[in-house]
1. Just checking, which of Ala313, Ala324, Ala352, Ala309 is in contact (Cβ under 8 Å) with a residue 40 or more places away in the chain, small (Gly, Ala, Ser) and assigned by TED's automatic domain parsing to the domain that holds Thr188?
2. If I filter region 414-424 for residues that are within 30 Å of Glu141 (Cα to Cα), within 25 Å of the chain's Cα centre (by Cα) and not assigned by TED's automatic domain parsing to the domain that holds Lys155, do I get at least one hit?
3. Could you list, in sequence order, the residues of region 153-189 that are without any contact (Cβ under 8 Å) to a residue 12 or more places away in the chain and either more than 48 Å from the chain's Cα centre (by Cα) or not assigned by TED's automatic domain parsing to the domain that holds Glu354 (or both)?
4. Please state which one of Glu253, Glu280, Glu229 is assigned by TED's automatic domain parsing to the domain that holds Val321 and within 60 Å of the chain's Cα centre (by Cα).
5. Looking only at residues that are surrounded by 15 or more Cβ atoms within 10 Å (Cβ to Cβ) and touching a Phe, Trp or Tyr at 6+ places or on another chain (Cβ under 8 Å) in region 127-142, which one is modelled with the lowest pLDDT?
6. In region 402-420, which residues are at pLDDT 90 or above and charged (D, E, K, R)?
7. Would you say Asp339 is modelled with pLDDT under 90, out of contact with any Pro (no Cβ under 7 Å at 6 or more places or on another chain) and assigned to a helix (DSSP H, G or I)?
8. So Glu177 fits all but one of (1) touching a helix residue (DSSP H, G or I) at 6+ places or on another chain (Cβ under 9 Å); (2) under 30 Å from Ala313 (Cβ atoms); what number is the exception?
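The values are calculated or read from the model by the stated rules, or taken from the named source; none is laboratory data. Not measured: the values here are computed from a predicted model. Heads up, the Cβs are rebuilt from the backbone with ideal geometry, glycines too, and the neighbour counts pull from every protein chain shown.
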Amino acid sequence: MKNKFASIFKSVKNWTLQNKKKAFGIYSVTALILIICIITSFVIIGSDTSGQSVYKEEVVTYGTLTVGVTESGSIDVGTSVQTLDIDISEYTTSSDSFSFGNPGGMMGMGNNQSTSSDSDSDTRVLEVEEVYVSVGQVVSEGDKIARLSSDSVNKIRADLEEDVVSAQNTYDQTLAEQQVSDLSADSTYTINEMYGSYAQSEYDTAVQKLQDAIDDAQKELDDAKETLEEYKKDLEEDQTELPQLKALVTNAEYTVSNIDVATATYAWVDAENIREEAQELYEACEEEIEDLNDSISEQETKIEELEIALLNAQKEYDLGVIEAKTTYEIHNLYYSEADEIREVNKLQSSLAVEMAEDDLEEAKEKLEEFDRYIVDDVIVSGYNGVISEISISAGDELYSDSSIFVVNDYEEVTVTVDVDEEDISSAQLGAEAKVYIEAFPDEIFAATVTDVGDATYDSSTATTSYEITVSLSGDDLSELYTGMTSDVTFITSETEDVLYISNRAVTRENGVSTVKVKGADGKIKTVTVETGFSDGSNVEVKSGLSEGDIVIIESTVN
């Protein structure tokens with residue numbers, strides 16, 4: 001084999017010496033192909049799945065690192081509602097059903113005070129002419145909110161002025177009636193002395209009437225039960241007779257079917273008549289059984305109602321006896337306390353005068369309050385804040401306590417989240433928390449646990465959780481809105497006022513931590529650092545870096 005290769009090599013050499021130009025061309029092309037193959041192999045070897053390196057700059061930051069339990073929730077901004085906080089209702093006296101004179105004597109004394117209007121207060125309305133504010137607008141106390149129509153304002157003011165006049169008339173009338181009432185009290189005194197003579201008779205009559213009602217109810221119940229027994233007896237008889245009639249029908253049908261109508265016509269007719277009569281009797285018995293069942297059911301229902309009526313009559317008797325006894329004792333009291341009752345009657349008339357006077361003062365205050373609240377037909381804001389809802393528009397009608405607008409109360413910004421039982425120790429009442437709001441990624445809001453709800457058990461996961469509410473604090477809450485997505489972190493450990501960088505910027509090898517730092521000249525150098533507390537994403541830098549240094553985070557992208 002060796003001699004064979006040597007012979008081939010010698011032949012190639014001799015050909016090359018004889019054909020130098022051709023050999024040079026062939027060898028050049030061959031070399032070029034080899035070079036391309038080598039370069040391609042290096043490219044293929046270099047293009048593995050490890051990808052390219054991407055570099056990101058990060059500034060060394062000075063701040064706080066926190067570790068805790070994080071749950072998701074949404075922002076809830078508290079609100080305050082401004083209403084039409086004035087009373088424009090129609091005038092009614094507080095003594096509409098107050099009776100002068102005898103509080104419980106034999107004769108009702110005195111006249112009812114009902115000089116006021118009893119119509120529905122909703123007939124008094126204010127009409128909105130123009131609204132000056134819009135949702136999202138910041139308002140301060142005293143800012144103009146809406147203008148009311150002059151006609152509606154003038155009408156309500158006129159009505160309130162008329163109320164003052166009516167209250168004054170009622171007060172004057174009450175004073176006059178007081179004199180009549182005091183005279184009536186003297187007459188009542190005489191009447192109350194008469195109670196002693198017939199109080200016992202009145203009691204006996206009332207008790208007997210209640211007993212008669214029980215007796216009547218018992219008799220009606222007994223009659224109903226007797227009728228029910230009769231129905232049941234009749235039903236039992238019919239149910240016994242029904243099979244017999246059924247057998248009779250069957251026999252008659254058999255007889256009819258076995259008679260040749262052509263040869264024994266009269267016998268067949270007689271048999272058919274007997275069958276029809278038997279069938280009618282059977283059907284009548286069935287119908288009577290059905291009717292009896294209905295009657296029994298109705299009678300049982302009636303008995304239930306009568307039993308209830310009897311129980312009610314017995315209850316009414318028990319209560320009635322108590323009431324009759326009370327009336328008896330009251331009459332005896334009136335008899336024995338006639339003089340004191342007369343004094344009470346006179347005190348009542350005096351009280352009615354005081355109530356009428358209070359009504360008069362209230363009517364005057366309503367008018368004064370109206371004029372303070374609505375100046376130049378304009379309603380002003382009673383709150384500071386951002387309007388989140390407008391409840392009125394031009395043409396709307398306002399009543400007492402009608403909602404006008406809702407303003408966000410940024411002193412009551414909360415987030416409510418569910419915390420598992422195993423983490424509840426970090427979310428106790430008063431515990432501090434931090435709130436991260438998706439809309440403000442560069443800010444952290446301080447919060448405090450203000451409410452711990454009852455435990456809730458989830459049978460599907462066999463876990464217990466608590467509804468925890470935190471309240472946000474700070475001066476920069478006015479840009480928050482209800483519904484914003486947020487994360488609440490209940491702090492378990494924390495380190496404050498430290499330098500920190502991303503964990504991804506640190507290379508750890510053989511117990512030594514290093515980072516790549518970009519200098520002012522743009523050159524990158526490797527610096528050894530001492531690390532400390534970490535929240536999982538960032539790590540404290542105890543030495544080796546200064547605030548404002550730029551570190552390089554190297555990532556690989558496939």
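1. Residue meeting the stated conditions: Ala352.
2. yes
3. Asp172, Ala176, Gln179, Leu183, listed by residue number.
4. Just a single option satisfies the conditions, and that option is Glu229.
5. Val139
6. Asp418, Asp420
7. Considered against the rule, which asks whether it is modelled with pLDDT under 90, out of contact with any Pro (no Cβ under 7 Å at 6 or more places or on another chain) and assigned to a helix (DSSP H, G or I), Asp339 comes out as yes.
8. Tallying (1) touching a helix residue (DSSP H, G or I) at 6+ places or on another chain (Cβ under 9 Å); (2) under 30 Å from Ala313 (Cβ atoms), Glu177 fails exactly one: (2).
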